[in-house]
1. Please report, ordered by residue number, the strands (runs of 3 or more DSSP E) entirely within the range 169-263 with at least 1 residues that are closer than 18 Å to residue 344 by Cα.
2. For residues that are touching an Asp or Glu at 6+ places or on another chain (Cβ under 7 Å), of a type outside the set (Val, Ile, Thr) and at pLDDT 95 or above, scanning just the range 130-171, find the one that is farthest from residue 15 (Cα to Cα).
3. Consider residue 313 carefully, then state whether it is closer than 27 Å to residue 227 by Cα and among the hydroxyl-bearing types (Ser, Thr, Tyr).
4. If I ask for residues that are surrounded by fewer than 21 Cβ atoms within 10 Å (Cβ to Cβ), among the β-branched types (Val, Ile, Thr) and either under 27 Å from residue 264 (Cα atoms) or at pLDDT below 95 (or both), which ones from the range 281-323 would you list?
5. Test of understanding: among 90, 34, which residue is under 21 Å from the mean Cα position of the chain (by Cα) and over 30 Å from residue 137 (Cβ atoms)?
6. Which ones in the range 210-221 are under 22 Å from the mean Cα position of the chain (by Cα) and in contact (Cβ under 8 Å) with a residue 40 or more places away in the chain?
7. Tally time: how many residues in the range 318-357 are in contact with a Leu (Cβ under 9 Å, 6 or more places away or on another chain), over 14 Å from residue 132 (Cβ atoms) and either among the β-branched types (Val, Ile, Thr) or part of a strand (DSSP E or B) (or both)?
8. Considering only the range 286-317, how many residues are among the basic types (Lys, Arg) and under 25 Å from residue 132 (Cβ atoms)?
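The values are calculated or read from the model by the stated rules, or taken from the named source; none is laboratory data. This one's a predicted model, so the numbers in the text were calculated from it and none came from an experiment. All Cβ positions, glycine included, derive from the backbone under ideal geometry; neighbour counts span all protein chains shown.
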Amino acid sequence: MSFETKDISLIQHTVFILKENHTFDNYFGKFPGAEGATSGTISTGQVVPLSHMADTSVSGLCNSWNCGLQAIDGGKMDQFDLIYGGALTAYTQLNEQDIPNYWAYARQFVLGDHFFTSEHGPSLPNDFYTIAAQSGGVISNISDSGPGPPVCGGDNTATVQVLDGNGNITNQFPCFDFQTLADRIQSAGLTWKFYSDGTVTVFNLINHIGNTPEFKDHLASSAQFAIDAQTGQLPNMSWVIPALGADEHPQNSICAGENWTVNTMNALMQGPAWNSTAVFIAWDDFGGFYDHVPPPAFDQFGIGPRAPLLIISPYAKPGYISHTIYEHSSILKFVEARYQFQPLSSRDTMASDMQDSFDFNQTPQPPLILQPRSCP
């Protein structure tokens, strides 16, 4: 009797869902078997318990480049209080009852407890890594005071902070032209879409993509993803940005964000693409919340503090906790391994391709259809 060995080529659709601004300890610090914490060290050396976080979490958290470096404190992870003037604002976490469906996904599929944000800083730099395995040196969000959208071909008063190889920071207009995973996909004759409700996407800041008429063919609403999933229209690569208010960014409801994820995943799992899909649900940056694991020093840009990661697929190892170091570039490396693409940067060159979290020869996992909850 011969057995056919199956591999990553079973995956025809990769889905990258990007949530916002939480750490691993903040969401999964109490998850059994994971490297989590229920207390944290502050700048005085005192160890304090992580208090329970409300569904609409605190506002005013600092997740800038400087706040990230200060909180990390050279790997001591003990100055999350100083970025809030000595307050314990960052030292909070959720229980399983607060995010039961995320915990259900983690129990059935894969939870990554060494997934780190790509940069020490806020959303935009990390968003660039999700499409290009680099940020072009960007270390800040967009500062915009102009009348038009801060995109290539738009408002030229917008700026971002850019860090060069000598450590100098300059303010530049946010329009770049480095290669992205979308370029690799298109060159190979494959398909991709960016599902988002925002007027400005990270691709709008890539001149040769966002500043072209063709870009509209690759742009769709977040609601369209569920429709495409159910009607067999999913592209080979999907980036999915949650609907407004469902991104879990402080102070948005975490319950509402989890419900959006459940509805989106239910649509995918009940559609024809489930048996050939890998879904990665990640959070873009640390959001100013505490995490106890020091991020390895990859280069001058990071990596930043840990964030939650869920890997959902029929071929995800059941109930597996991956301790492998991942970052946003690792998800690109997975796609590159699937289609034998050349890497885009030093980051995806060195990144894990995440195949330790999959078993392509296992009996495929069935869908896990969950129920949205009534939110507080």
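1. 192-195, 237-240
2. Within the range 130-171, the match that is farthest from residue 15 (Cα to Cα) is 137.
3. Answer is yes for this residue.
4. Within the range 281-323, just 321 meets the criteria.
5. Matching residue, one of 90, 34: 34.
6. 210
7. Residues in the range 318-357 being in contact with a Leu (Cβ under 9 Å, 6 or more places away or on another chain), over 14 Å from residue 132 (Cβ atoms) and either among the β-branched types (Val, Ile, Thr) or part of a strand (DSSP E or B) (or both): 4 in total.
8. 1
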